[in-house]
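Right, one structure below, let's go through it.
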Amino acid sequence: MMKLWFFVLILLISAQGFAIDDHQLANPEQQKTYEIIISELRCLVCQNQTIADSNAELASDLRRQVFEMLQQGKSKEDIIQFMTDRYGDFVLYNPPLKTKTALLWLGPIAFLITGFIMIFWFIRRKKTAAIMPIDKDKQEKMRRLLSENNESSAENGDQS
């Protein structure tokens, strides 16, 4: 049984090797630009990985397309513009703050502020409820019930 688990573990580790990119440009500056671009573009299939990290076929196609565009002499800005024109701002791993992406950037902040307001409101409400004075009728009723309880305990010989 242990050998089976070891074999499965080796297969899982070796599967990560398929994400290695074999695109090498002759110009070191272009190679660096290539690596920067593929680390800034989101895999549209995985959505939580860059195309540099993804094993998806679409990510592989996008890496190839970026490679070919760099070979054609296109700049980083041209390639990013082409990708955003084709796939929208969602293809960028860090999309710019625009009206279309405002919810992506401001949504977590809005939830955080709402959470703090709710916590403050609940704490304040609880303190207010604890401080509220009890009216005289209720106090008298509680005294009467407590004294009746004490008298019945005394009659039963139950001293508490």
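Assuming LEU103 fulfils every condition listed in (1) assigned by TED's automatic domain parsing to the domain that holds GLN31; (2) exposed (fewer than 11 other Cβ atoms within 10 Å of the Cβ) apart from one, which condition is it?
In the conditions (1) assigned by TED's automatic domain parsing to the domain that holds GLN31; (2) exposed (fewer than 11 other Cβ atoms within 10 Å of the Cβ), LEU103 misses (1) alone.
Quick one: GLY73 ticks every box in (1) assigned to a helix (DSSP H, G or I); (2) open to solvent by 50 Å² or more (accessible area, probe 1.4 Å); (3) in the same structural domain as LYS32 (by TED's automatic domain parsing) bar one, so which box is it?
(1)
Looking at ARG143, ARG63 in this structure, which one is of a type in the set (D, E, K, R), out of contact with any Ser or Thr (no Cβ under 6 Å at 6 or more places or on another chain) and open to solvent by less than 70 Å² (accessible area, probe 1.4 Å)? Give the derivation first.
Numbers: ARG143 fails: open to solvent by less than 70 Å² (accessible area, probe 1.4 Å).
Result of the check over ARG143, ARG63: ARG63.
The values are calculated or read from the model by the stated rules, or taken from the named source; none is laboratory data. Everything quoted here is computed from the prediction, not taken from an experiment. A quick note on method: Cβ atoms are made from the backbone with ideal geometry, for glycine too, and the neighbour counts reach across all protein chains shown. Protein only, heavy atoms only, side chains kept; ligands, DNA and RNA dropped before computing areas. Shrake-Rupley method; radii C 1.70, N 1.55, O 1.52, S 1.80 Å.
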